[in-house]
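Worksheet: one structure, shown below.
Each value in this text was obtained by applying a stated rule to the coordinates, not by laboratory testing. Just so it is clear, the structure is predicted and the values come from calculations on it, not from any experiment. With ideal geometry, Cβ positions are generated from the backbone for all residues, glycine too; neighbour counts draw on all protein chains shown.
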C-alpha cells in the first residue's frame with residue numbers, strides 16, 4: 001500500500017523548497033549556524049562540529065547533558081542528545097529570534 005499522505009506531504013515540501021530556492025535555504029541555515037557558533041559561551045560548551053560543517057551544530061556542555069536537554073524540552077526547543085552532546089539542527093523555517101532564545105538558555109546553563 002502506498003503512503004499517500006506521505007507522498008502528498010513530500011510533494012508540498014518540494015514545492016516550498018523549489019519556491020524558496022536551495023541556495024537561499026543553504027544560506028539561511030549557514031547564517032543561523034554561524035550565529036550559534038559566534039554567540040555560544042565557549043567556557044560552558046565545547047564545539048564538536050568540524051570547521052567544514054553541514055547544517056548541524058554539535059556542542060558538549062560542561063554540565064549534565066540530560067538536564068540541559070530537559071530544560072530545552074520544557075521550552076519546546078527541539079534538539080537531539082547524542083553521546084553526551086547537544087545536536088542543534090536549525091532549518092530555513094527557524095528564525096533569528098528562536099536561535100536567540102536557544103542561546104539564552106544554553107548560555108545560562
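At-a-glance table
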read-out: Using alpha-carbon coordinates, inclination of helix 22-39 to the longest axis of the chain, degrees; value: 10
read-out: Using alpha-carbon coordinates, inclination of helix 96-107 to the longest axis of the chain, degrees; value: 30
read-out: Burial ordering of 41, 97, 34, fewest other beta-carbon atoms within 10 Å first; value: 97, 34, 41
read-out: Exposure proxy order (Cβ contacts within 10 Å, fewest to most) of 17, 45, 92; value: 17, 92, 45
read-out: At R0 = 35 Å, FRET efficiency that the Cβ-Cβ distance of residue 97 and residue 4 yields, to 0.05; value: 0.45
read-out: Relative exposure of 49, 58, 1, 95, judged by other C-beta atoms within 10 Å (fewest first); value: 1, 95, 49, 58
read-out: Cα-based Rg and Dmax for the chain, where Dmax is the largest Cα-Cα distance (Å); value: 15.9, 52
read-out: Mean separation of Cα contacts under 8 Å, 6 or more apart, over the residue count of the chain: relative contact order %; value: 27
read-out: Inter-site label distance for residue 22 and residue 38 at 7 Å from Cα along Cβ, in nm; value: 2.7
